[in-house]
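In what follows, a single structure is set out as structure tokens and then discussed.
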Amino acid sequence: MHKRKIFIIDFDSTFVRVESLDELAEIVLRDDSHKEQILSAIRTITNKGMDGTITFSESLQQRLALFTPHKKDLQELVDRLRHSVTPSILRNRDFFTQFADDIYILSGGFADYIIPVVADFGIPQTHVLANEFTYAPSGEITGVDSKNIMSRSGGKAAAVEKLKLKKDIYVIGDGMTDYEIKEKGLCKTFIAFTENVQRKKVIELADKVCPNFDDVLYHLDLPRRFSYPKNRIKVLLLENVHPAAAEIFSGEGYTVETLSHALSPEELQNRFSEISILGIRSKTEITPEVLKSAPKLIAVGVFAIGVNQVHLQSASELGIPVFNAPHSSTRSVAELVLGYIFGLSRQLPQKNAELHKGVWSKLAGGANEIRGKNLGIIGYGNIGSTLSVLAEALGMTVCFYDVQEKLALGNAVACSSLQELLRRADVITVHVDGRKENKNLIGPREFDNMKEGAFFINASRGMVVDVDALCACLKSGKIRGAAVDVFPKEPKSNRDGFVSPLQAFDNVIMTPHIGASTEEAQKNIGDYVAAKCISFVNTGNTMLSVNFPQLQLPELRGGHRIIHIHKNMPGVLSKINTVIARHKINIEGQYLKTNEYIGYVITDVAAEYPKEVIKELRDIPETIRLRMLY
């Protein structure tokens with residue numbers, strides 16, 4: 001430790017997540033018919049003692065009067081407590097074992113069960129100051145040793161005073177008895193620990209409030225499992241991203257906020273100063289100005305397939321990777337397109353509208369099976385190829401066109417040109433991405449090349465199709481029917497209205513961009529994108545990022561990982577290694593990948609390094625961002 005510090009840490013609801021006496025009562029009363037009433041009374045007394053409503057001594061005596069434990073019950077309690085160690089303390093075990101001589105456990109609980117639990121962390125028995133049970137010859141616990149200073153009200157403060165510690169003392173706990181040490185002037189700082197319980201009065205009196213032990217160590221600049229406390233990583237999820245994503249981020253310890261609607265670039269800029277991870281779907285536009293207003297932004301998660309709503313070059317140049325879900329909604333989109341094909345072939349839009357008006361029109365004219373019809377797929381990526389297999393299984397023949405050479409699945413046939421596909425297909429469906437070259441990919445010329453009476457489907461991007469040209473073909477009868485899930489202009493939220501010239505046609509199926517809107521797809525997307533963002537934050541992995549050099553990294557153990565993002569210019573790696581060599585730091589592994597805009601260097605180094613190394617690496621002129629991982 002830089003300057004020697006002494007830590008005095010509470011046990012119940014701090015070192016462990018639970019109140020130990022309450023747990024012991026559960027063990028003893030497991031077969032008691034009045035178990036729940038007694039446990040409820042014990043918890044009430046516990047809370048009164050912790051918030052100062054009654055004295056600690058009263059709390060202890062009143063609880064022990066409600067049940068009679070036995071010495072043999074203590075081993076089961078110890079086993080429970082070992083499985084109830086507070087997560088942030090558990091993940092910082094190395095800190096406790098390394099600095100055990102500077103750590104004291106001070107508790108109104110009992111040394112009989114505390115000592116075995118904290119011994120797993122290297123804390124010596126002599127550093128556990130706690131009460132002690134008294135026992136009957138039969139092994140029944142009869143009470144508390146009244147000679148022990150910890151059994152009295154004000155016992156914690158008295159015990160600290162008796163220790164006569166001369167160094168800076170930091171008290172970490174969740175109750176008023178912990179604050180009393182500061183109140184008596186016996187410690188430098190009282191830290192209210194709120195990972196397990198939050199007591200308003202204690203929080204108000206604390207010098208510092210820490211939601212986990214990572215935050216304690218970060219605040220005091222001490223060795224820790226994570227270089228940056230996870231609760232300080234703030235996630236903003238927009239546009240009804242599936243709750244699975246929020247659960248995953250929260251489970252990782254991040255602070256998560258969710259909104260059901262999109263935000264404008266201006267609104268984003270106003271909220272962005274503290275955001276570490278932004279999650280969006282398809283309606284939120286991430287402009288260069290938005291990205292520049294986000295100094296703490298680590299990553300962007302696009303919970304969709306397309307990423308044209310994000311200015312990828314700016315994100316790259318600012319050192320912000322973007323992750324999407326290229327495969328997670330494949331099946332859902334393909335099934336929706338099949339539904340369109342069935343619906344158009346059987347005139348379902350018209351029949352549905354007529355019946356809603358009371359018109360019974362049971363006619364077969366213009367209604368067809370899809371078996372034997374030729375499906376033309378423009379874009380043979382994940383969705384196009386999946387649709388190809390499904391459609392062929394239903395008896396359709398399939399042809400496809402893609403600007404890149406793709407392996408045909410099943411009996412599908414590749415067309416040599418887009419025009420060839422348009423002339424052959426009875427049903428044409430578009431599955432291309434949102435790159436600017438695809439704007440108005442299907443316009444008057446393409447519609448003119450289609451078969452008379454063909455069906456047209458667009459479930460890819462709104463800008464891909466000239467809507468006015470489609471309307472003209474629908475009006476003339478050139479196109480017998482259409483299904484459209486995406487539009488050039490879409491509302492930002494479900495509260496906004498929608499207008500399209502396609503609303504004039506009863507042979508057009510229109511859906512509100514729901515290709516990926518199934519529970520299965522959205523959960524898959526939520527799981528996938530959240531996991532990718534977390535992997536980048538925790539390890540630096542960038543595999544399947546759409547804008548970053550892609551590195552798959554091993555987990556780092558027992559050292560430090562330096563993540564250096566820089567402008568892609570010659571000589572930067574040499575400058576990085578010169579800094580490291582000058583400080584005689586051992587490199588345990590190094591990984592480099594570049595793209596058009598940036599270089600991405602991961603350097604794993606030995607556990608100890610001088611702090612000035614970080615400043616020198618940041619001062620390399622080409623540096624965009626530098627991040628340390630423990």
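Readers should treat all values here as calculations from the given coordinates under stated rules, not as data from a laboratory. Please read all numbers here as calculations on a predicted model, not as lab measurements. Positions of Cβ are backbone-derived with ideal geometry, glycine not excepted, and every protein chain shown enters the neighbour counts.
A viscosity of 1.567 mPa s and a temperature of 4 °C, combined with the Kirkwood radius over Cα pairs in Stokes-Einstein, give a translational diffusion coefficient for the chain of 44 µm²/s.
Most tightly packed first, judged by the mean number of other beta-carbon atoms within 10 Å of their residues, the peptides 24-37, 156-169 read 156-169, 24-37.
Cross-link reach is defined here as a Cα-Cα straight distance under 17 Å, omitting same-chain residues fewer than 8 places apart; for Lys147 the lysines meeting it are Lys156, Lys162. For the chain, the relative contact order is 10 percent, taking Cα pairs closer than 8 Å that sit 6 or more residues apart in sequence and dividing their mean separation by the residue count. Along the axis of the charge dipole computed for the chain (Cβ charges of +1 for Lys and Arg, -1 for Asp and Glu, origin at the Cα centre), the listed residues Pro444, Ser460, Phe96 are led at the positive end by Pro444. The calculated pair-distance distribution of the range 5-219 uses every alpha carbon pair, bins of 10 angstrom beginning at 0, and gives 8, 36, 39, 15, 2, 0 percent. Taking a point 7 angstrom from the Cα of Glu204 along the C-beta vector, which residues in the range 40-64 have backbone N less than 14 Å away? What the label zone holds, given the 14 Å backbone N cut-off, is 51-53. Remark: the Glu437-Lys35 segment gains 137.7 nm on full extension, using 0.36 nm per residue and subtracting the alpha carbon distance.
Computed from label points 7 Å out along Cα-Cβ, the spacing between Ile514 and Thr134 is 7.3 nm. Computed from phi, the 3J(HN,Hα) profile of the range 619-625 under the Karplus parametrisation 6.51, -1.76, 1.60 (θ = phi - 60°) reads 7, 4, x, 7, 4, 9, 8 Hz, with x in place of Gly and Pro. Near Ile9, the amide H atoms lying under 5 Å from its own belong to Tyr104, Ile105, Leu106, Ile172; only residues 5 or more places off or on other chains count, and H is placed 1.01 Å from N. On the basis of the beta-carbon distance and an R0 of 22 Å, His356 and Leu502 show a calculated FRET efficiency of 0.70. Here Gln125 and Leu409 are evaluated by their C-beta separation; at R0 = 60 Å the FRET efficiency comes out at 0.30. Where only DSSP H runs of four or more residues are counted, the chain gives -10000 deg cm²/dmol as its mean residue ellipticity at 222 nm, each run worth -39500 (n - 2.57). In the structure shown, the pairs Lys167/Lys584; Lys5/Lys184; Lys48/Lys184; Lys182/Lys208 are assessed against 23 Å; a Cα-Cα span above that value is assigned to Lys167/Lys584. In order along the range 24-30, phi translates into HN-Hα couplings of 4, 4, 4, 5, 5, 9, 4 Hz, rounded to whole numbers, per the Karplus curve 6.51 cos²θ - 1.76 cosθ + 1.60 with θ = phi - 60° and x for Gly and Pro. In this structure the amide hydrogen of Tyr135, modeled in the peptide plane, comes within under 5 Å of the amide hydrogens of Thr142, none closer than 5 places in sequence on its chain.
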